[in-house]
1. To the nearest 20 Debye, how big is the dipole of the chain about its Cα centre, given +1 on the beta carbon of each Lys and Arg and -1 on that of each Asp and Glu?
2. Work out, step by step, the length gained on full extension between Arg48 and Arg408: first 0.36 nm times the residue separation, then minus their alpha carbon distance; give nm to one decimal.
3. Given q = 0.14, 0.20 Å⁻¹, what are the Debye log10 I(q)/I(0) values for the range 264-366, with equal point scatterers placed on the Cα positions and solvent ignored?
4. So what's the angle, to the nearest 10 degrees on a 0 to 90 scale, between helix 168-182 and the longest Cα principal axis of the chain?
5. If each residue of separation counts as 0.36 nm, what is the full-extension length gain between Lys335 and Lys181 once their alpha-carbon separation is subtracted?
6. Lysines near Lys111 by alpha-carbon distance under 19 Å, same-chain residues fewer than 8 away left out - which ones?
7. Relative to the longest principal axis of the chain, what angle (0 to 90°, nearest 10) does the C-alpha long axis of helix 297-307 take?
8. Among the aspartates and glutamates, which have Cα under 13 Å from the Cα of Lys340 when same-chain residues fewer than 8 positions away are ignored?
Amino acid sequence: MSCKVVIGAQWGDEGKGKIIDILSRDADIIVRYQGGNNAGHTVVIGDREFILHLIPSGILRKGKLCVIGNGVVVDPEALLKEIDMLKAKGIKIDGNLLISESSHVILPYHKVIDKRRGAHIGTTGRGIGPCYVDKMARCGIRMIDIVNKETLRRKLSANLEDSDEFNFGQIYKEYLEYGKKIKKYLVNVSSLLNKAIAKKKDILFEGAQGTLLDIDHGTYPYVTSSSATAGGACTGAGVGPTRIDKVIGVVKAYTTRIGEGPFPTEFKKGLMEKIRTKGKEFGATTGRPRRCGWFDAVIVKHAVTVNGMDEIVVTKLDVLDEMDKIKICTGYRYKGKVYKDFPADIDILEKCIPVYEVRDGWMKDTTSAAKYKDLPENAKKYLARLSKLLNVKIGMVSVGSKREQAFRI
Ligand code: GDP
Ligand code: IMO
Ligand code: MG
């Protein structure tokens, strides 16, 4: 039995969905513990593509229990739509999905406020930040509240007391309806998981977003509003740190980011287009083009540290197949000084000149590599260099979007 946390080591979209799908083969329970439907996790099975936003990627395998923890913010409308989408694609949702009674609910006003105030951050507009604001301000509405008419009336009317913009009656009615539909999924997640741990079940915690989007450890204020790092699994699911056995970081072989904020290794136009096209770098949630850049060892080293990563999975190695030269950023030059460690000062991240080492590419197709030995020599050297710079071992490599296109090393 083991409890593993799988998290993103960059700015999200590292391929967590694909890796969770692979690892969930050997798991009993898969748990989301933070974020909400700002996430977009893609799983490709054969010629079918599934994009999951709230429901753990383990849902695509039979016999797995999928759980949404208290740390997640749930938009009931989005959740019900996702359930319908899965059912329409032939995935059974029948006792295999459970949701924490304590998870906070995204309300219409959260989405409106997010679109208004989140523009300078480039948020997904899903109401995530404002929902977490209410949670911290202790006026949030939780799942357990929308199944209780009186509690919902009291809390919602208090929140809308001074508002002429939002109609109490309409929202109240809408959310009571959601409550009726969602009631059957609600449980005490902490209790369920701790009982499962006592029974030696295998549990996989599926991180959303990435370390550099974490509210504490990311490129603040250009971050999301939750704890996307490994520690978030404990608070976001009600499982003690002593129960976690392993932390696995998912790392893209280059870097991408969506939304605003500093990105030291960002490409200029030509390379940007090339990698965006080859890597199909468009947001799985909003469809926005992702910004792309070289691998940044400074941010990933920071991610290895703050998550206590035991190993990493390197994804999208194949996207670099046609690059004759590949750069790795090993430090930031700023005002005559070279920073090798992640700086808290956003000014350094915004204005630094990246220090690069340049390596020869492999100029060969890797998409059919089935084991480490099949990789071209320079691809092996690239991976070895990343492992050395980050001081962490590589446990798996992914060379395509499909389930089969990954191998352990
Ligand atoms: P997540 O948010 O971390 O789950 O990642 P996304 O699903 O948002 O974005 C990752 C994208 O890359 C998806 O379209 C995946 O299908 C795709 N992908 C994952 N691993 C690989 C890989 O090794 N190679 C290629 N070419 N695509 C991959
Ligand atoms: P997955 O789980 C990439 C980004 C947004 C924005 C910032 C804040 O698929 O890796 P928010 O709506 O969360 O308040 O937006 O965070 N962002 C993501 N970027 N992948 C994600 O999730 C993201 N979730 C949020 O673009 O810059
Ligand atoms: Mg994504």
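The values are calculated or read from the model by the stated rules, or taken from the named source; none is laboratory data. Predicted model, so just to flag it, every value in this text is computed and none were measured. So basically every Cβ, Gly included, is an ideal-geometry build from the backbone, and we count neighbours across all protein chains shown. Protein only, heavy atoms only, side chains kept; ligands, DNA and RNA dropped before computing areas. Shrake-Rupley method; radii C 1.70, N 1.55, O 1.52, S 1.80 Å.
1. About 760 debye.
2. Gain in length upon complete extension: 127.2 nm.
3. One equal scatterer on each Cα of the range 264-366 leads to -0.66, -1.22.
4. With rounding to tens, the tilt is 70 degrees.
5. Separation in residues times 0.36 nm, less the Cα-Cα distance, equals 49.7 nm.
6. Lys81, Lys135, Lys155, Lys173
7. Rounded to the nearest ten degrees, it is 40.
8. Partners found: Asp296.
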